[in-house]
1. Please arrange Leu104, Leu191 by counting, for each residue, the other beta carbons lying within 10 Å of its beta carbon, fewest first.
2. How big is Rg to Rh over the range 44-175, alpha-carbon atoms, Rh as the Kirkwood inverse-mean-distance radius?
3. Ranked by Cβ crowding within 10 angstrom, fewest neighbours first, how are Ile41, Ile19, Ile174 ordered?
4. So what is the relative contact order of the range 219-279, in percent, for Cα pairs below 8 Å that sit 6 or more residues apart?
5. So for the chain, averaging the separation of alpha carbon pairs under 8 Å that are six or more residues apart and normalising by length, what relative contact order in percent results?
6. Counting Lys and Arg as +1 and Asp and Glu as -1, each charge on the Cβ, what is the dipole of the range 13-165 about the Cα centre in debye, to the nearest 20?
7. Would you order Tyr204, Tyr68, Tyr224, Tyr199 from fewest to most other beta-carbon atoms within 10 Å of each residue's own beta-carbon?
8. For the chain, set up a Gaussian network in which alpha carbons nearer than 10 Å are linked by springs, and say which option among Gly49, Gly152, Gly214 fluctuates the most.
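No value in this document is a laboratory result; all are computed from the given coordinates. Treat the numbers as computed from the prediction; the structure is a model and nothing was measured. Cβ sites come from the backbone with ideal geometry, for glycine too, and all protein chains shown count toward neighbours.
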Amino acid sequence: MERHVIKSNSAPIIHYAGIKHVKKGESFFKPMHNHPDCVEILLILEGEGTYNIDGTNYKVEPQSIVIYNQGVWHEERGEMDKPHKMLYVAFSNVGIEGLPEGYLINNNVSPIIPIENFIIVEELFNELVKEVESKDFESYWVARNLAGALLGLILRNIYKRKANNRKHNSHKIIVEAKHYIQENYHQNITLKELAKISYISSYYLSHIFKELTGQTPFQYLMQYRIEVAKHLLLSSNSTINEITFQVGYQSETHFQNLFKKIVGTPPGKYRELHRERHERQY
């Protein structure tokens, strides 16, 4: 299914585009300014610098995109020990779902974006600048379409990174939840308790836990308790009643029924069938 965030009635109107190349040893500094009627995108090709964007300093490096939302104040300062080279374009009439007019990114998203498919983006950007500077037949129309394609690729980078970050964060949450269960399986762990240590809602924890593990947190807890019980049955002389309480259950009958349901045999039979083999191994 096609997914998009650019509003269907968007068609970039280009205000200007070009290339800036500052040689090594030359000063590159653009004092604080903003663009009240357009968005500006830079593609850093060479050099490094510190850009102040909306009051925050950012380090810029080659193969990254810089996005200035409409009206956002910014200052650019390059390092003199390296050449500084960039492509730039400014345009308006592009709407993004869920964002104010003139915004390509939300305020909580870094305006400095590393580009994965850099070669393709650079080629598109170069062609766009050539068409803007050209007086050839339909050059402006071609430039507008190139700007649309460029914008699409940049937004794809942004939203892929956001999705990857969410996936990474979700994985981290599940690892922490599993670790908590493994350390506290003998206690009465609740979903609310797990959600609290993960700083997320019970609903969201349950959703991502099932999505990433195929089990609910309760099912994982139950499975882990049974695995511990299997180990205790083979490695200790504890009675089944003692093991029941050691793994967090209050009823031996409930534990016996659950063990048989998951393992296929009652705990006593499991011990009888597997203990001799276990002792030979150790």
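1. Leu191, Leu104
2. On the way: Rg = 16.3 Å, Rh = 16.4 Å.
With Rh from the inverse mean 1/r over Cα pairs, Rg/Rh is 1.00.
3. Numbers: Ile41 22, Ile19 15, Ile174 19.
Fewest to most other Cβ atoms nearby, the residues stand as Ile19, Ile174, Ile41.
4. Details: 46 pairs, mean separation 22.2, N = 61.
Once divided by the residue count of the range 219-279, the mean separation gives 36 percent.
5. Working: 425 pairs, mean separation 41.3, N = 282.
Computed over the chain, the figure is 15 percent.
6. Details: 15 positive and 21 negative charges, 50 e Å.
Dipole size: approximately 240 debye.
7. Numbers: Tyr204 13, Tyr68 25, Tyr224 16, Tyr199 9.
Lowest count first: Tyr199, Tyr204, Tyr224, Tyr68.
8. With Cα springs under 10 Å in the chain, the top fluctuation among Gly49, Gly152, Gly214 is at Gly214.
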